Amino acid sequence: MTKAFIFDLDGVIVDTAKFHFLAWKNLAEALDISFSEEENEQLKGVSRFNSLQKILEWGHKNISKEEFNRLMEKKNEEYLSFVDQMSKDDILPGVLETLNYLKENNYPIALGSASKNARRILNKLGLNSYFDHIVDGNEVSKAKPDPEVFLKGCKLLGVAPQQAIVFEDSQAGIKAANTAHMISVGIGDKSVLGEADFNFEGFSEINEKTLKTLINFKK
Ligand code: BG6
Ligand code: MG
């Protein structure tokens, strides 16, 4: 059975998760809402809109629609100021080796990210040409854990969900992949991403043999 690959972006290809954390933390603290790594974990993979809604709920704050939009913009500006300092050197260890192997062996590859900044980030990293298709936060109406982003990716790649191998660092993303009966691969802490079919700390743990195991796995 032909297989195809879908990569999440933030926290999988590049450690932008730390920039999201910093920008949300600054915003939350300015509103007198406490914000730790634990809360941040619940925002991974979650859209910008839903993330702000969650933070405001945690702080029991009600704000106007205008203020909500202003805060989303403010957070994004700060986030992008970090992102714009990134370069190829920020690609996480092992990612390029995996992408090169998949490209050399003609596996179709898509990006499946909640981020509206995905194209800008791939450009900064010089990774655009690896992806046959990009599905990002501008193209979906339902955020992860809804599988819409991954299902769109499958459609574009021309494979059934069971043929798609998804790399994800978030609980929401693993849930999305599992709901759609895709092969889910957790990248990061296994105690957080234990629901995935496979778990790795990072791509440096993934070699040719591992990729073959993923490719031969039947759900
Ligand atoms: C996800 C991140 O990839 O994208 C989330 O894990 C983020 O933390 C979401 O909120 C939306 O990203 P952006 O760049 O559109 O704010
Ligand atoms: Mg992610």
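The values are calculated or read from the model by the stated rules, or taken from the named source; none is laboratory data. All of these numbers come straight from a predicted model, not from anything done at the bench. Every residue, glycine as well, gets a Cβ built from its backbone with ideal geometry; the counts of neighbours run over all protein chains shown. Surface accessibility is based on the protein's heavy atoms, side chains included, excluding ligands, DNA and RNA. Shrake-Rupley method; radii C 1.70, N 1.55, O 1.52, S 1.80 Å.
What to note about this one:
- Taking the Cα centre of the stretch 17-83 as reference, the dipole from Cβ charges on Lys and Arg (+1) and Asp and Glu (-1) amounts to some 200 debye.
- Part-to-part distance (alpha-carbon centres) for the stretch 3-81 and the stretch 151-192, which is given in Å: 22
- Near the amide H of Ser115, within less than 5 Å, lie the amide hydrogens of Gly137, all on another chain or at least 5 residues away, with H placed in the peptide plane.
- Rg and Dmax of the stretch 114-153, based on Cα coordinates, read 10.6, 29 Å.
- Backbone amide hydrogens, once placed in the peptide plane, bring Asn199 within less than 5 Å of Gly186, excluding anything fewer than 5 places away on its chain.
- With each label modelled as a point 7 angstrom along the Cα→C-beta vector, the His181-Lys142 pair spans 1.6 nm.
- Orientation-averaged projected area, Cα convex hull of the chain (nm²): 11.3
- The stretch 17-83: projected area of the alpha-carbon convex hull, averaged over directions, in nm²: 4.0
- Convex hull volume of the Cα atoms of the stretch 158-219, normalised per residue: 77 Å³.
- For the chain, the relative contact order is 25 percent, taking Cα pairs closer than 8 Å that sit 6 or more residues apart in sequence and dividing their mean separation by the residue count.
- Among the listed pairs Lys75/Lys144; Lys144/Lys212; Lys74/Lys190, those whose Cα-Cα separation exceeds 29 Å are Lys74/Lys190.
- Inter-site label distance for Leu31 and Leu92 at 7 Å from Cα along Cβ, in nm: 2.7
- Cβ-derived FRET efficiency at R0 25 Å, Arg120 paired with Lys54, nearest 0.05: 0.55
- Solvent-accessible area per residue for the chain (1.4 angstrom probe, square angstrom): 48
- Each other residue within a Cβ distance under 10 Å of Asn138 adds +1 if Lys or Arg and -1 if Asp or Glu, for a net charge of 0.
- Within the chain, percent of DSSP bridges classed antiparallel, to nearest 5: 5
- Fraction of accessible area attributable to carbon and sulfur, the chain (%, probe 1.4 Å): 47
- You can think of it this way: the chain between Ser204 and Asn128 has 25.2 nm of extra reach, that is 0.36 nm per residue less the Cα-Cα gap.
- Inter-label distance, nm, simple model (7 Å from Cα along the C-beta direction), Glu195/Lys65: 3.2
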